[in-house]
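None of the figures in this text is laboratory data; all of them are computed from the coordinates on show. Model, not experiment: these values are computed from the prediction. All Cβ positions, glycine included, derive from the backbone under ideal geometry; neighbour counts span all protein chains shown.
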């Protein structure tokens, strides 16, 4: 394994992002972790060089749970809409 863990974690592609507070953003990506496909939701911030870089804040979920995560996100959106009425 390499020193930076690149043999363990591979980004397949970025799917989208949502701005959060303080100029950070929540990024949704498809990744491989130890050659297993996963969904990765990670907070990114701007570093001193002006580059958007990932933080340790986030979570990785096995692709097998993708539909469950989508259903949960839809329920959360519905609940948030009801709260704001």
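Whole angstrom only: what separates the Cα centroid of the range 58-85 from the Cα centroid of the range 5-24?
First find each Cα centre; the distance between them is then 18 Å.
With r defined as the distance between the Cβ atoms of residue 14 and residue 81 and R0 fixed at 35 Å, what FRET efficiency is calculated, to the nearest 0.05?
The pair residue 14/residue 81 has a calculated efficiency of 0.85.
Please report 10, 85 as a ranked list, fewest other C-beta atoms within 10 angstrom at the top and most at the bottom.
In order of increasing Cβ crowding within 10 Å: 85, 10.
Could you give the nm distance between label points at residue 51 and residue 21, where each point is 7 Å from its Cα heading toward the beta carbon?
About 2.8 nm, to one decimal.
I'd like the orientation of helix 66-83 relative to the chain: the angle between its Cα long axis and the longest Cα principal axis, in ° from 0 to 90, rounded to 10.
40
Let me have the 222 nm mean residue ellipticity of the chain computed from DSSP H runs of 4+ only, each contributing -39500 (n - 2.57), with the sum over all residues rounded to the nearest 500.
Here the helix-only value at 222 nm equals -7000 deg cm²/dmol.
Can you tell me the alpha carbon radius of gyration of the chain divided by the globular rule-of-thumb value 2.2 N^0.38 Å?
Rounded to two decimals, the normalised Rg is 1.26.
What is the extension gain from residue 66 to residue 32, computed as 0.36 nm multiplied by their sequence separation minus the C-alpha to C-alpha distance, in nm to one decimal?
Here the segment from residue 66 to residue 32 would lengthen by 10.8 nm.
When ranked by the protection proxy of mean other Cβ atoms within 10 Å per residue, highest first, what sequence do the peptides 37-47, 58-68 form?
The densest-packed peptide leads the list: 37-47, 58-68.
Relative contact order for the range 9-83: what is it in percent, counting Cα pairs under 8 Å that are at least 6 residues apart?
Computed over the range 9-83, the figure is 20 percent.
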